[in-house]
Structures are given as C-alpha cells and as structure tokens.
1. Name the pairs whose Cβ atoms lie under 7 Å apart, with the first residue in segment 71-97 and on the phi > 0 side of the Ramachandran plot, the second part of a helix (DSSP H, G or I) and among the charged types (D, E, K, R), and 6 or more positions between them or separate chains?
2. Search segment 21-63 for residues being basic (Lys, Arg) and over 29 Å from Ala7 (Cα atoms), and hand back the single one that is surrounded by the fewest Cβ atoms within 10 Å (Cβ to Cβ).
3. I'd like to check something: does segment 76-95 contain any residue that is part of a loop (DSSP other than H, G, I, E, B) and touching a Lys or Arg at 6+ places or on another chain (Cβ under 6 Å)?
4. Just checking, which of Ser15, Ser70, Ser25 is in contact with a Gly (Cβ under 7 Å, 6 or more places away or on another chain) and under 14 Å from Ala85 (Cβ atoms)?
5. Go through segment 7-44 and count every residue that is over 17 Å from Ile60 (Cβ atoms) and either in a loop (DSSP other than H, G, I, E, B) or small (Gly, Ala, Ser) (or both).
6. So which residues in segment 56-73 are modelled with pLDDT of 95 or more and either farther than 27 Å from Phe35 by Cα or in contact with a helix residue (DSSP H, G or I) (Cβ under 8 Å, 6 or more places away or on another chain) (or both)?
Amino acid sequence: MATLSEAEIRDELKSLPGWEYRDKSLSKLFRFREFMDGISFVQRVAEMAEEADHHPDMHINYTRVTFVCSTHSEGGVTEKDIKLARRIEQAFASQSS
C-alpha cells in the first residue's frame, strides 16, 4: 500500500477535526472525565485495531489519550491510517453520546 502525499493527507484531515499530520503520522489527543473512561476507550480502539490488523501507537497520560497512526512498513501515512482515524473518531463520538 502506497503512502499518501502530503496534499492527499491534508485533504483527508479536513474531515477529521483535531487530527494533525506531523512526523509522517496522524495524531490526536482525546480527553476523558475519568482515568478509567480513557482506559475503556483504549480497550475499544485496541479491539478495532486488532480486527483491522493495523495498530496505532497509544499514549496514556491520566485522562488524556493520544493516538498516533502511521504505517510503519511503508514509512508514512496510508489509506489504512485514514480509515483507522475515522473509526477512532466514530467510536469516540458514540461513546460521548
């Protein structure tokens, strides 16, 4: 799977509010009310990632969780990362509802 150009990535980011492109990766910080809310969300994303066989880096800092998506084997952002970011967004929206 080929990496996306910076222009393609910037175009995709228009529909992914809060996500940033930096260091050949997509990333976003999510905030939660309680520590365990963030942990539950990490578990939910981990299950989705395992199902897709595409795993983000996850950084947990108390009530803040940052997801970083890149396709390491390709050295940058691919369509897999865009799809994973969208799934994370959908999961967050449904959890927040």
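The values are calculated or read from the model by the stated rules, or taken from the named source; none is laboratory data. Note that the structure is a prediction, hence the values are computed from the model and not measured. Glycine also receives a Cβ, built like all others from the backbone with ideal geometry; neighbour counts cover every protein chain displayed.
1. From segment 71-97, no pairs qualify.
2. Only one residue fits best here, namely Arg33.
3. Quick first cut of segment 76-95, residues part of a loop (DSSP other than H, G, I, E, B) only: 77-78.
Retained after the next criterion (residues that are touching a Lys or Arg at 6+ places or on another chain (Cβ under 6 Å)): none.
No, that holds for no residue.
4. Sole residue among the options that is in contact with a Gly (Cβ under 7 Å, 6 or more places away or on another chain) and under 14 Å from Ala85 (Cβ atoms): Ser70.
5. Final tally of qualifying residues: 10.
6. Within segment 56-73, Pro56, Met58, Ile60, Tyr62, Thr63, Arg64, Val65, Phe67, Cys69, Ser70, Thr71 meet the criteria.
Residue by residue, here is whether (1) of a type in the set (Lys, Arg); (2) over 13 Å from the mean Cα position of the chain (by Cα); (3) within 15 Å of Trp19 (Cβ to Cβ) holds:
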{"position": "Ala49", "(1), (2), (3)": "no, no, no"}
{"position": "His55", "(1), (2), (3)": "no, no, no"}
{"position": "Thr63", "(1), (2), (3)": "no, yes, no"}
{"position": "Phe67", "(1), (2), (3)": "no, no, yes"}
{"position": "Ser70", "(1), (2), (3)": "no, no, yes"}
{"position": "Ser73", "(1), (2), (3)": "no, yes, no"}
{"position": "Glu79", "(1), (2), (3)": "no, no, yes"}
{"position": "Ala91", "(1), (2), (3)": "no, no, yes"}
